[in-house]
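Below is one structure, written out as structure tokens; the observations come after it.
The values are calculated or read from the model by the stated rules, or taken from the named source; none is laboratory data. All of these numbers come straight from a predicted model, not from anything done at the bench. Cβ placement follows ideal geometry from the backbone for every residue including glycine, while neighbour counts extend to all protein chains displayed. Surface areas here come from the heavy atoms of the whole protein model, side chains and all, with no ligands, DNA or RNA. Shrake-Rupley method; radii C 1.70, N 1.55, O 1.52, S 1.80 Å.
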Amino acid sequence: MAFSVSIFASLAPYLVSLLLLFLLIEQLSYLVKKRNLPGPLFVPPIIGNAVSLVRDPTSFWYKQSATAGTSRGLSANYLIGKFIIYIRDTELSHQIFSNVGLNAFHPLGHPFGKQLFGDHSLIYLFGEDHKTVRRHLAPNFTPKALSTYSDLQQIVMFRHLREWEESFSGGTKPVSMRDLVRELNLETSQTVFVGPYLDKEARNRFRTDYNLFNVGSMALPINLPGFAFSKARRAVMNLEETLSVCAGKSKERMATGEEPKCLIDFWMHAIITEIESGNPPPLHSEDEAIGGLLFDFLFAAQDASTSSLLWAVAFLESNPEVLSKVREEVAKIWSPESGELITADQLAEMKYTRAVAREVVRYRPPATMVPHIATNDFPLTESYTIPKGTIVFPSVFDSSFQGFTEPNRFDPDRFSETRQEDQVFKRNYLAFGWGAHQCVGQRYALNHLVLFIAMFSSLFDFKRLQTDGCDDIIYCPTISPKDGCTVFLSKRVVTYPNLSLS
């Protein structure tokens, strides 16, 4: 024991010197990569400013944006051994989106997404692999498929809206919408994606695992037992396994010639048809791979839609003239007391309501940034080259407030056939991405938001509980109002509709 202490004492000066040398090299490396970009001159050793990010992500990213605004639309920082660049300027963001590939930028989906999402994520496919998978996803979003999903979406929505009416209607007790909307979206995603193949027990496990994933995605990336990030990784593996079982069941059912009833059915039907025509099984059509890809859909649909639905309620309440126009349009096309679901043709007629949905997504894009990693040095401007290994954060949020007419004003009419700002300023409308990795399910997502706005505004009167900072942005992990959109609800209809697929 004494000998060990003696050895350690003799080595201590060298160990301390090595540690100090490492910290010095780390700081110098950061400064060399940073060059003349605005950003902190000194970063905490090893973890960088990760604690600030986890403690208050809203303030962290606001400061990055503000700092980038003082220069050329760029700012730098350091997170757990990774040099990062925040991109505020839209045209610079397009350079990232337009150069996704093996030799330029890889999307991450999350700063530590590769560890979190695993190997079967669509995010990490490139070239022919990526094109092939997207081609086989196309049957999932045909008009016929979207119409099938619309019926399922409405049934789930009405069930939840009725529960809200029975539990909270009356206007005397305020309710935070965040958890209600999360549950609505989770059941909608389960039902639309794999509905017939999940029993009650599987749905409950699904809910538990997804909550673990949500918590872990906002935690420090410490992949050790007991830490939230490690639990999130295990939860993703469980979810992908559950979804892969659903894929296998769907293949069996589609092979018998039955009609598709949900997204996985449309997908597996296309795969079975291709195989039966004599072609080899498509790339990434194994059950395990399908489970990983389905989780991508779940992640995109669940958290992004929760964000958009909450902001829709907040903006409809704070813009009564917009709410009035939505109700007027919907009433001319569909009545909840008709006992009928909204048809695809009726949905297409709700042009102003769709413009409201698009403005919600512009004004508060659910995923405010789309992180990528540089696989090689990349000359972004004449004076700055992004170093290999840098994580870059093109800001979708900042682009949404560039170019558009009065961008700080909530104005659905900007998407009218007269103004067409979605075309005039389409390079600034990046909420669904750009280029090869643009969101494949954006029509589904917009339909979901339009249906919710139409039904919620028709069935409920609602008044926001106004508190200081209630509209401040928080990350969880997509953005939502700080108060969870707390409202008083009261029923607008005399008789609540009784709707079903039959």
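Computed extension gain for ILE155 through THR70, at 0.36 nm per residue and net of the alpha carbon distance, reaches 25.7 nm. Working from Cα pairs under 8 Å separated by at least six residues, relative contact order for the chain is 21 percent.
Accessible area of the chain with a 1.4 Å probe: how many percent of it is carbon plus sulfur? Intermediate values should be presented prior to the final figure.
Numbers: 12790 of 22560 Å².
Carbon with sulfur: 57 percent of the solvent-accessible area.
Taking the alpha-carbon centroid of each part, what is the distance from the stretch 391-439 to the stretch 141-172 in angstrom? Their Cα centres are 28 Å away from one another.
Remark: spin-label model distance MET218-LYS131 equals 4.1 nm, labels positioned 7 Å along the Cα→Cβ axis. In the chain, the inverse of the mean reciprocal separation of distinct Cα atoms equals 24.5 Å; this is its Kirkwood hydrodynamic radius.
Work out how much length ALA104 to VAL16 would gain on full extension: take 0.36 nm times their residue separation and subtract the Cα-Cα distance, in nm to one decimal.
Numbers: separation 88, 0.36 × 88 = 31.68 nm, distance 3.83 nm.
Length gained between ALA104 and VAL16: 27.9 nm.
For n ≥ 4 DSSP H runs only, could you compute -39500 (n - 2.57) per run for the chain, divide by its residues and tell me the 222 nm figure to the nearest 500? Present the calculation step by step, with values, prior to reporting the outcome.
Details: 18 runs with 271 residues, N = 502.
After summing the helix terms and dividing by the residues of the chain, the value is -17500 deg cm²/dmol.
Using θ = phi - 60° in the Karplus curve 6.51 cos²θ - 1.76 cosθ + 1.60, the 3J(HN,Hα) couplings for the stretch 269-280 round to 4, 5, 5, 4, 4, 5, 5, 5, 7, x, 8, x Hz; x is entered for Gly and Pro.
Packing, taken as the mean count of other beta carbons within 10 Å per residue, orders the peptides 78-89, 335-346 from highest to lowest as 78-89, 335-346.
Which length gain, in nm to one decimal place, applies between GLU321 and THR405 when the Cα-Cα distance is subtracted from 0.36 nm times their residue separation?
On the way: separation 84, 0.36 × 84 = 30.24 nm, distance 1.92 nm.
Computed gain between GLU321 and THR405 is 28.3 nm.
For ILE474, the residues whose modelled amide H falls within less than 5 Å of its own, excluding neighbours fewer than 5 places apart on the same chain, are SER480, LYS482.
Suppose every Lys and Arg Cβ carries +1 and every Asp and Glu Cβ carries -1, with no other charges. What dipole size does the chain come out with about its Cα centre, to the nearest 20 debye? Working shown, then result.
Numbers: 49 positive and 53 negative charges, 218 e Å.
Dipole size: approximately 1040 debye.
Distance between the C-alpha centres of the stretch 184-216 and the stretch 9-84: 38 Å, rounded to the whole angstrom. Rounded, prolate or oblate for the stretch 274-402? Axes are the square roots of the Cα gyration tensor eigenvalues, ordered a ≥ b ≥ c, and the cut-off for rounded is a/c under 1.5. Oblate, because a/c is 1.5 or more while a/b does not exceed b/c. Spin-label model, CYS439 to GLU340: label points 7 Å out along the Cα-to-beta-carbon direction sit 3.0 nm apart. Our summary gives the stretch 187-267 a relative contact order of 34 percent, counting only alpha carbon pairs under 8 angstrom and 6 or more residues apart.
Distance cut-off 22 Å, Cα to Cα: go down the list LYS34/LYS388; LYS351/LYS482; LYS144/LYS251; LYS173/LYS351; LYS325/LYS491 and report the pairs above it.
On the way: LYS34/LYS388 13 Å; LYS351/LYS482 30 Å; LYS144/LYS251 19 Å; LYS173/LYS351 34 Å; LYS325/LYS491 19 Å.
Pairs exceeding the cut-off: LYS351/LYS482; LYS173/LYS351.
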